[in-house]
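Novice: Let me begin by handing over the structure; questions about it come next.
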Amino acid sequence: MFQLERIFVPTDFSEHSLAAIAQAGELARRFHSQVTLFNANEFLVVHPFSGALGFGITSTEAMRAEHMAARHKQLQGFGAAELRGVNVKRMICSGDPATLIVERAREERSDLILMPTRGGGVFRRFLLGSVTAKVLHDAECPVWTGAHLVEPPAPVPIGIRHVLCAVDFGPQSKAVLQWAAGFAKALEAKLTLVHAVLEMPPNLPVRYAYQWHAESHCGSEERLHELLLDCEAKAEVLVVSDGDVPGSLTRAVEQTGAGLLVIGRSSRESALGRLGSQTYPIICGVPCPVVSI
């Protein structure tokens, strides 16, 4: 049976993180999960002197203690309404946020990290927040990122009626489908398994384009059905062949009305490390939350 026993939610007290907390609360009530609400902040004092700072300013350690006490008090009440009726554990640490999020989530044996992308401004479709990007790169468990929007999204987990699962037939595809199938079944949602066919090979003559796309489409459908049989899962299959993978998945989400997209985080080393070249633009482009496995 699919279960989310522990959900890890980093917060920086912003409106976007409050929306993520609301989503976590909805999921926790559905799956009877424990939510760990975590704040990691970098405390920095820029001053040319050491020891007592003078001019009525207390020492660095005293300022740090005062700052952490204030943050701890803020954390105790933050998201109280959104997490009403949920078993909540609150933690606060000082240090590099991305590193601490990954480490603490692992120590808590979290089943899911849920956090916003914090998109904003004219570049919101192209840029992820640095903390989110680092967590996506290093986290060992699935990561749920909210829709990459300027305004904080409304909590919609329980309203999800259609889950879209994208696979590239890599080694993580089975794990991606199993997670998506389990989640969709638990929510009694429709599941569609999708594969985006890559662009036509550059050395292939144009006159063979139609044949290449037709054979690629047919072959991909067969592999999707084989994957479903291997995972003992039931889903509709969809092959998109626009060439642009992030764009194809964005259009697939829009056309199917999917409320959640599940993808894999590549294990291959590349210029972007373990994420590969597609995860960032997919998360930044689709109009719904994304779970990356």
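The values are calculated or read from the model by the stated rules, or taken from the named source; none is laboratory data. Predicted model only: the values in this text are computed from it and were never measured. Here Cβ is always computed from backbone atoms with ideal geometry, including for glycine, and neighbour counts include all displayed protein chains.
Novice: State whether the residues of the stretch 197-213 include one that is modelled with pLDDT of 85 or more, aliphatic (A, V, I, L, M) and closer than 29 Å to Cys284 by Cα.
Specialist: No - not one qualifying residue is present in the stretch 197-213.
Novice: Within the stretch 17-40, count every residue that is among the acidic types (Asp, Glu) and buried (at least 22 other Cβ atoms within 10 Å of the Cβ).
Specialist: 0
Novice: Among the candidates Glu103, Glu66, Glu82, which residue alone is at pLDDT 90 or above, of a type outside the set (Val, Ile, Thr), in a helix (DSSP H, G or I) and over 16 Å from the mean Cα position of the chain (by Cα)?
Specialist: Glu103
Novice: Quick one: how many residues across the stretch 83-113 are acidic (Asp, Glu) and in contact with a Leu (Cβ under 7 Å, 6 or more places away or on another chain)?
Specialist: 1
Novice: How many residues are at pLDDT 80 or above and touching an Asp or Glu at 6+ places or on another chain (Cβ under 7 Å) if we restrict to the stretch 231-250?
Specialist: Counting residues in the stretch 231-250 that are at pLDDT 80 or above and touching an Asp or Glu at 6+ places or on another chain (Cβ under 7 Å) gives 3.
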